[in-house]
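The structure under discussion appears below in the form of structure tokens.
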There are 2 protein chains.
Amino acid sequence: MSAAGIDHGTPEPPYYAVIFTAQRTPGDEGYGAMAERMVELARTQPGFLGLESVRGADGLGITVSYWRDEQSIARWKAQAEHRVAQARGLRAWYSDYELRVARVERAYARRDRS
Amino acid sequence: MSAAGIDHGTPEPPYYAVIFTAQRTPGDEGYGAMAERMVELARTQPGFLGLESVRGADGLGITVSYWRDEQSIARWKAQAEHRVAQARGLRAWYSDYELRVARVERAYARRDRS
């Protein structure tokens, strides 16, 4: 997905996190455009709270999206799978991945930020 | 922290994740050596289950460490804070960060991996 920085905008816990750790295959294969569209689509979803995403030079990436509740994740999953299936599919873009759904219980930020 | 790839070695949920999203300050300031030592120290801790870490070219990084239970996280936090305080402190290394503790409830991997 496209770069997205530290997200201080999430509400007080509890809320949910989808942690997606993935290794990109070489070449674009339509990935760049699709990833941008997926992030834009996520931002319009009910219950979407935020997104943080980093990819290293070796193609390894971690994207964490934040959601109000399990229902929001389920709705997003159905939409995202449909879009991805219409395109190339996860297997064209990622040689390996692990996806975890977690309930955020506590959060701390650097205290002197403005 | 030093690079660490997709971790398929975590057990069946539930377990815990510490999601640390942070922006590095410019320059090393002892960070590289300390980060390596911290990862090595984490790996020896009771209840440590795994680690995934990515840093982008702009210095934004996401590190997710996985732990058996809250007690393991609390023990690790006390040790890590002590070590970091003895060195330069988080404020020397990170201009901004957010840390979240979450309970992993479900996990999925790419199914055709060996």
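Phi angles across region A:74-89 convert, under the Karplus curve 6.51 cos²θ - 1.76 cosθ + 1.60 with θ = phi - 60°, into 3J(HN,Hα) values of 4, 5, 4, 4, 4, 5, 5, 4, 4, 5, 5, 5, 5, 9, 8, x Hz, Gly and Pro given as x.
Considering only A:71, A:23, A:86, the Gaussian network model of chain A with Cα springs below 10 Å gives its largest mean-square fluctuation to A:86. Taking a sphere under 12 Å around the Cβ of residue A:7 and counting the other residues whose Cβ falls inside, with K and R at +1 and D and E at -1, yields a net charge of -1. When +1 charges are put on Lys and Arg Cβ atoms and -1 charges on Asp and Glu Cβ atoms, the dipole computed for the protein assembly as shown relative to its Cα centre reaches about 220 debye. Taking the Cα centre of chain A as origin and assigning +1 to Lys and Arg Cβ atoms and -1 to Asp and Glu Cβ atoms, the resulting dipole is close to 140 debye.
Residue-wise HN-Hα couplings along region B:54-70, as the Karplus relation 6.51 cos²θ - 1.76 cosθ + 1.60 with θ = phi - 60° gives them from phi, are 9, 10, x, 4, 8, x, 7, x, 10, 10, 10, 10, 10, 9, 5, 7, 5 Hz; Gly and Pro carry x. A helix-only calculation puts chain A at -9000 deg cm²/dmol for mean residue ellipticity at 222 nm, using -39500 (n - 2.57) for each DSSP H run of at least four residues, averaged over all residues. In whole angstrom, note down how far apart the Cα centers of region A:43-114 and region B:32-58 are. First find each Cα centre; the distance between them is then 22 Å. Each copy carries residue B:29; placing its label point 7 Å along the C-beta direction from Cα gives inter-copy distances of 4.0 nm, listed from smallest up. Sorted shortest first, the distances from the residue A:44 label point to those of the same residue in the other copies are 5.3 nm; each point sits 7 Å from Cα along Cα-to-Cβ. Computed on chain A, with alpha-carbon pairs under 8 angstrom and 6+ residues apart, the relative contact order is 44 percent. Peptide packing: for A:90-99, A:25-34, the average count of neighbouring Cβ atoms within 10 Å per residue gives the ranking A:90-99, A:25-34, highest mean first. Shown in residue order for region A:17-33 are the 3J(HN,Hα) couplings computed by the Karplus curve 6.51 cos²θ - 1.76 cosθ + 1.60 at θ = phi - 60°: 10, 10, 9, 10, 10, 8, 9, 6, 6, x, x, 8, 6, x, 5, x, 5 Hz (x for Gly and Pro).
Coordinate-derived values only; no laboratory data. Here the structure is a predicted model, which means the values were calculated and not measured. Neighbour counts run over all protein chains shown; Cβ positions are idealised from the backbone, glycine included.
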